[in-house]
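The values are calculated or read from the model by the stated rules, or taken from the named source; none is laboratory data. Small disclaimer: the values here were computed from a predicted structure and weren't measured. FYI the Cβ positions are ideal-geometry reconstructions off the backbone, even for glycines, and counts take in every protein chain you see. The protein model used for the area step is the full one, side chains on, heavy atoms only, and it has no ligands, DNA or RNA in it. Shrake-Rupley method; radii C 1.70, N 1.55, O 1.52, S 1.80 Å.
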Amino acid sequence: MEELILQLKQEIIKVLNLEDVKPETIADDAPLFGDGLGLDSIDALELIVLMEKTYGIKLEDPARGREIFKSIRVMAEYIHANRRK
Amino acid sequence: MPQSIKRYSYITDRLALVDGKTLPVAAAEATEEGNFLTLLYRSLGIDYPKFFKMDSLSKLGFLASELILKDESPRFTPREDVAVVCLNRSSSLSTDVQHQASIQHEDSCYPSPSVFVYTLPNIVAGEIAIRNKLLGETSFYVCREWSAQLLLRMASLSFCDACTRAVLAAWVERFDGVSEAFMMLVERDGLSGIPFSAEHVEMLYQNTKTQNT
């Protein structure tokens, strides 16, 4: 799981162009939206594309993103349980 | 009182000028396309993470406006009397091509939402307005080629709105190896500055462009 969490952090930094953010500065349990990384709605769509492209997970209901993208750890656990790639 | 140009900036992928003076940004350090804009961003000490999410066209326009507005006071207070008017030749083609490439093959069709949002040129004007809380008119016109006369005409139209006191008027072009932003802060009642005429706009543009060759 720790390996997946690190990989996920690196991918998020890359696809969301978080230029000044390092993997070690993202807390595993910190919220991705709002006070945490401060991501916006376009970032949420980008995360949905990342899930499908990299892990083969198609999020049929984008509204579920709210719970899945709660934190890096929650997202990693969801990917671990549902990945097809 | 005639309108006048208070300040102007010019940016390419290897140099930046304000009021005709070159900024000391080391272009030699820019090893990849677009790196110069990042170096320029950092040299200005700006803290605006959204910059890194912008496409290159918006980065050009954004930095051109930063060069002009960085010493304005007050900044970041809502202004309904400042408009943003931009022109270019290639619209958002540089990003359109990138988006097209991502949807070219059916078996690997993963369009990026963050790329797609920049497939309209007027996003440039929007980014500048959002950053500076400018609530006046924002517009972007696509034309055949650089035209001082057209830029003058479109910016002058903004002054037809009685509440408009200033206009950020710009040429922001990026496609096919060309990266160029030329921006002016034009004031309705400027007490000093360069007269806002087609002749002066053409002269400023050509003079700054010459420094790039």
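At-a-glance table
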quantity	calculated
Residues of the stretch A:52-64 satisfying the condition of being more than 20 Å from B:VAL115 (Cα to Cα) and touching a residue at least 12 places away in the same chain (Cβ under 8 Å)	A:TYR55, A:GLY56, A:ILE57
Which numbered condition B:SER114 misses (of (1) of a type outside the set (A, V, I, L, M, F, W, C); (2) surrounded by 15 or more Cβ atoms within 10 Å (Cβ to Cβ); (3) closer than 24 Å to B:LEU204 by Cβ)	(3)
The one condition in (1) of a type in the set (A, V, I, L, M); (2) free of Cβ contacts under 8 Å to residues at least 40 places away in the same chain; (3) more than 14 Å from every other protein chain (Cβ to nearest Cβ) that A:VAL49 fails to fulfil	(3)
Subset of the stretch A:52-64 [of a type in the set (A, V, I, L, M, F, W, C) and either away from chain B (no Cβ under 14 Å) or closer than 19 Å to A:GLU3 by Cβ (or both)]	A:ILE57, A:ALA63
Residues of the stretch B:104-135 that turn out to be in contact (Cβ under 8 Å) with a residue 40 or more places away in the chain and either within 18 Å of B:LEU185 (Cβ to Cβ) or in contact with a strand residue (DSSP E or B) (Cβ under 8 Å, 6 or more places away or on another chain) (or both), as a count	11
Of all residues in the stretch A:25-37 being more than 12 Å from the chain's Cα centre (by Cα) and either among the basic types (Lys, Arg) or within 14 Å of chain B (Cβ to nearest Cβ) (or both), the one that is surrounded by the most Cβ atoms within 10 Å (Cβ to Cβ)	A:GLY36
Scope the stretch A:1-24; condition of a type in the set (A, V, I, L, M) and open to solvent by 70 Å² or more (accessible area, probe 1.4 Å); matching residues	A:MET1, A:LEU6
Filtered residue count, the stretch A:50-85, keeping only those that are more than 28 Å from B:HIS105 (Cα to Cα), buried (at least 16 other Cβ atoms within 10 Å of the Cβ) and of a type in the set (Lys, Arg)	2
Odd one out for A:ASP40 among (1) open to solvent by 20 Å² or more (accessible area, probe 1.4 Å); (2) in contact with an Asp or Glu (Cβ under 8 Å, 6 or more places away or on another chain); (3) within 25 Å of B:TYR118 (Cβ to Cβ)	(2)
So A:LEU47, is it at pLDDT below 90, touching a Gly at 6+ places or on another chain (Cβ under 8 Å) and surrounded by 12 or more Cβ atoms within 10 Å (Cβ to Cβ)	no
Checking B:THR138 against (1) out of contact with any strand residue (DSSP E or B) (no Cβ under 9 Å at 6 or more places or on another chain); (2) among the hydroxyl-bearing types (Ser, Thr, Tyr); (3) without any contact (Cβ under 8 Å) to a residue 60 or more places away in the chain, the condition it does not meet	(1)
B:VAL115, sole failed condition from (1) hydrophobic (A, V, I, L, M, F, W, C); (2) away from chain A (no Cβ under 14 Å); (3) more than 28 Å from B:LYS6 (Cβ to Cβ)	(2)
First in the stretch B:72-93 and open to solvent by 40 Å² or more (accessible area, probe 1.4 Å), second anywhere and of a type in the set (A, V, I, L, M, F, W, C) and part of a loop (DSSP other than H, G, I, E, B), Cβ under 8 Å, 6 or more apart	B:PRO78/B:LEU135; B:ARG79/B:LEU135; B:GLU80/B:LEU135; B:GLU80/B:CYS163; B:ARG89/B:CYS143; B:ARG89/B:TRP146
Selection count where residues are within 14 Å of chain A (Cβ to nearest Cβ) and more than 23 Å from B:PHE52 (Cβ to Cβ), scope the stretch B:76-105	2
Residues of the stretch B:36-54 satisfying the condition of being open to solvent by 20 Å² or more (accessible area, probe 1.4 Å) and within 12 Å of chain A (Cβ to nearest Cβ)	B:THR38, B:ARG42, B:ILE46, B:ASP47, B:TYR48, B:PRO49, B:LYS50, B:LYS53
